[in-house]
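Peer 1: A single structure is presented below for examination.
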Amino acid sequence: MLLNEIIKVLKEKEVLEEILQWNKESQSWVEHSRFFDSEVIDGIQSPQNATQSHLTFLEKEKYLSDITNTKASVILVRKDFVENLPKTSLAFISENPYLAMAYLTQFFAKPLFSAKIPPKIAPNVTIAPNATIGNGSEVGEDSVIMAGVVVGENVKIGSNCILYPNVCIYNDCEIGDNVIIHANSVIGSDGFGYAHTKDGKHIKIHHNGKVVLESEVEIGSNTSIDRAVFGQTLICKGSKIDNLVQIGHNCEIGEHSIIVSQAGISGSTTTGRNVVLGGQSGSAGHLHIGEFTQIGAKAAIAKSVPPFGKFSGHPLLPIQDWLRLQAIFKKMLKNKL
């Protein structure tokens with residue numbers, strides 16, 4: 001997308017105040033003084049992964065460290081934070097950078113149907129007659145695709161995988177070897193992401209990333225794993241996810257982790273390896289759960305959790321503290337009665 005087209009969209013939506021560039025002579029940020037007839041932006045990326053052909057954004061002060069060294073050529077940002085930006089980037093000043101980013105995501109969304117190359121099916125693959133495999137997709141040797149399965153375009157499925165009836169794999173997702181996905185699960189649907197206008201409208205953030213399931217992963221039935229806004233949602237090698245689990249966009253689940261039924265993990269949460277999340281537990285977004293940590297059933301994770309711990313309750317407490325608290329409550333209730 002041409003940079004001048006991006007500017008036009010942002011101005012039409014009234015979310016672009018001014019454009020600043022670094023001036024070496026004055027050693028300050030000044031209003032830009034050139035036209036953008038030929039500059040092209042290939043996509044929106046996180047600050048860490050952006051290149052010179054990308055646009056990125058800074059919404060909250062806690063992410064200042066991520067933006068300082070970004071290579072993005074354009075950064076949507078509040079004016080308060082402009083001094084923290086790399087001097088090589090253009091600063092698109094906006095009162096609400098998150099909303100500005102949301103408006104732009106639709107212009108970088110791939111068409112739902114664009115691949116022209118027929119799917120590539122390896123030898124010894126079993127595919128039910130009413131399964132659908134999209135153009136540009138690949139299925140590895142000895143995999144089984146059962147009735148009602150829908151595989152979108154440009155999906156990669158490894159060897160010796162089993163997709164049970166009515167599994168749905170959205171476009172561009174990647175499935176490793178020896179992966180099992182049980183009936184009615186959805187891999188790669190949009191995350192639940194919206195930006196909000198001053199008058200209360202919800203502007204959809206188009207999720208243009210993908211989901212990657214590494215080898216030896218097993219997904220239970222009726223589980224949803226959302227695709228990333230940009231980049232990928234990653235389920236690492238050997239992880240086991242139960243029925244009725246929700247995993248939000250841009251999450252990363254560490255190797256050999258276990259997530260039990262009805263757990264919910266909000267967007268951009270990451271875990272170390274061998275984490276266990278009990279049934280109906282839930283996490284807020286943008287936090288980290290340390291390796292080998294165990295979370296009890298129905299626990300609520302509101303902030304990052306250290307490794308090698310055992311926690312339970314709401315608010316979350318070390319398991320022994322939570323058990324003592326339950327004993328105290330029981331004693332108080334008994335005395336009251």
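The values are calculated or read from the model by the stated rules, or taken from the named source; none is laboratory data. Predicted model only: the values in this text are computed from it and were never measured. Every residue, glycine as well, gets a Cβ built from its backbone with ideal geometry; the counts of neighbours run over all protein chains shown. Remember, those area values only see protein heavy atoms, side chains included, never the ligands or the DNA or RNA. Shrake-Rupley method; radii C 1.70, N 1.55, O 1.52, S 1.80 Å.
Peer 1: Per residue of region 195-210, in order, report the coupling 6.51 cos²θ - 1.76 cosθ + 1.60 (Karplus, θ = phi - 60°) as ³J(HN,Hα) in whole Hz, putting x for Gly and Pro.
Peer 2: Result, rounded to whole Hz: 9, 10, 7, 5, 8, x, 7, 9, 9, 5, 8, 6, 8, 9, x, 8.
Peer 1: In the structure shown, do any of 8/204; 116/210; 8/198; 11/79; 156/240; 303/336 have a Cα-Cα gap over 23 Å, and if so which?
Peer 2: Table pairs above 23 Å Cα-Cα are 303/336.
Peer 1: What accessible area per residue, rounded to a whole number of Å², is obtained for the chain using a probe radius of 1.4 Å?
Peer 2: Per residue, the chain has 51 Å² of solvent-accessible surface.
Peer 1: With the cut-off at 15 Å, report for region 96-159 the share of all Cα pairs above it, as a whole percent.
Peer 2: Roughly 60 percent, rounded to a whole number.
Peer 1: Moving on to the next point. If you take semi-axes √(5λ) of the Cα gyration tensor in Å from the coordinates, which of (1) 55, 30, 18; (2) 32, 23, 18; (3) 38, 31, 16 do you get?
Peer 2: (3)
Peer 1: Pairs of alpha-carbon atoms within less than 8 angstrom and 6+ residues apart define the contacts here; what relative contact order does the chain have, in percent?
Peer 2: 8 percent
Peer 1: Percent of accessible area on the chain owned by carbon and sulfur, 1.4 Å probe?
Peer 2: With neighbouring chains kept in place, the figure for the chain is 53 percent.
Peer 1: On to the next question. Loop only by DSSP, 12 or fewer other Cβ within 10 Å of the Cβ. Give me the chymotrypsin sites (Phe, Trp or Tyr not before Pro) in region 239-337 that pass, ordered by residue number.
Peer 2: Answer by residue number: 308.
Peer 1: Which loop chymotrypsin sites (Phe, Trp or Tyr not before Pro) in region 81-117, with loop taken from DSSP, have no more than 12 other Cβ atoms within 10 angstrom of their Cβ?
Peer 2: Those satisfying the criteria are 113.
Peer 1: Next up: Quick one: of the DSSP bridges fully inside region 1-132, what percent are antiparallel, nearest 5?
Peer 2: Close to 45 percent.
Peer 1: May I pose another question? Please identify the trypsin sites (Lys or Arg not before Pro) of region 157-236 that satisfy two criteria: DSSP loop assignment and at most 10 other Cβ atoms within 10 Å. Which are they?
Peer 2: 198, 201
Peer 1: Given only helices, namely DSSP H runs of n ≥ 4 each adding -39500 (n - 2.57), what is the per-residue ellipticity at 222 nm of the chain, to the nearest 500 deg cm²/dmol?
Peer 2: Result for the chain: -3500 deg cm²/dmol, rounded to the nearest 500.
Peer 1: Over 17 Å apart: what share of the alpha carbon pairs of region 1-119 falls there, rounded to a whole percent?
Peer 2: Distances greater than 17 Å cover 55 percent of the Cα pairs.
Peer 1: Could you give me the radius of gyration and the Dmax of region 170-308, taking only the C-alpha atoms into account and expressing both in angstrom?
Peer 2: When restricted to the Cα atoms of region 170-308, Rg and Dmax are 14.4, 49 Å.
Peer 1: Would you mind putting 177-188, 61-72 in packing order, based on average other-beta-carbon counts within 10 Å, highest first?
Peer 2: Result, highest mean first: 177-188, 61-72.
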